[in-house]
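Just so it is clear, none of the values below were taken in a lab; they were calculated from the coordinates. Just so it is clear, the model here is predicted, and its values are computed rather than measured. Ideal geometry is used to build each Cβ from the backbone, glycine not excepted, and the neighbour counts take in all protein chains shown.
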Amino acid sequence: MSLPLQLYRVKSRKARKEYFVGIPAGDTDMATAGVVVLTSNRSPEVIVARLTADEYADYEGGPTSCAQRINAELNRDDLQPVELDFSSKSIFPESLHFVQNFGLSHPFHDIHDPKDLADVVCAISIEEFESQGGTVRDLRQTTNA
């Protein structure tokens, strides 16, 4: 599957729950402009979607609005955007290869507890994620955006 996506297994600091998140990836910013990755808080699933023009214009609220729209279209309530917390540093040692290479020196906001953070455990390929029972859905062209 050719998607502009890098997946990571993360673990919440307090609850110690593991789940998967994705970050849009591309050679240029233009390749990922308007792309948002949503994570299920119930199953190993990530969804790649495209922001509408209104969502894109709302820099801070756009990903949440997109999640609400996609949840409504799919008759679900478990999809959330997962964003990096740039006010904190990761608890991982700086010597970890993937943290340095992918610039993930910041943790993610935890999808299970808004007051918690989640740190990267490892990078994982889409193929490996799917072989372990995970699902990746590309809705960039199929939603009512």
Q) Taking H as built 1.01 Å from N, whose amide H comes closer than 5 Å to the amide H of LEU74, not counting residues under 5 places away? A) none
Q.
If I model a spin label as a point 7 Å beyond the Cα along the Cα-Cβ vector, how far apart are those points for GLU83 and SER43 in nm?
A. 2.7 nm
Q. Amide H to amide H under 5 Å from LEU5: which residues, 5+ apart in sequence or cross-chain, H placed 1.01 Å off N in plane?
A. ALA25
(Q) I need the calculated FRET efficiency for the pair SER125 and ALA57, taking r as the beta carbon distance and R₀ as 25 Å, to the nearest 0.05. (A) 0.15
(Q) Show me, for the stretch 58-69, the HN-Hα J-couplings you get by feeding each phi into the Karplus relation (A = 6.51, B = -1.76, C = 1.60, θ = phi - 60°), rounded to Hz, glycine and proline as x. (A) 8, 3, 7, x, x, x, 5, 4, 4, 4, 4, 5
Q. Gain in length, ASP138 to ASP116, computed as 0.36 nm per residue apart minus the alpha-carbon separation, to one decimal in nm?
A. 5.1 nm
(Q) Cross-link candidates for LYS14: which aspartates and glutamates have Cα within less than 14 Å, leaving aside residues fewer than 8 places away along the same chain? (A) ASP110, ASP113, ASP116, ASP119
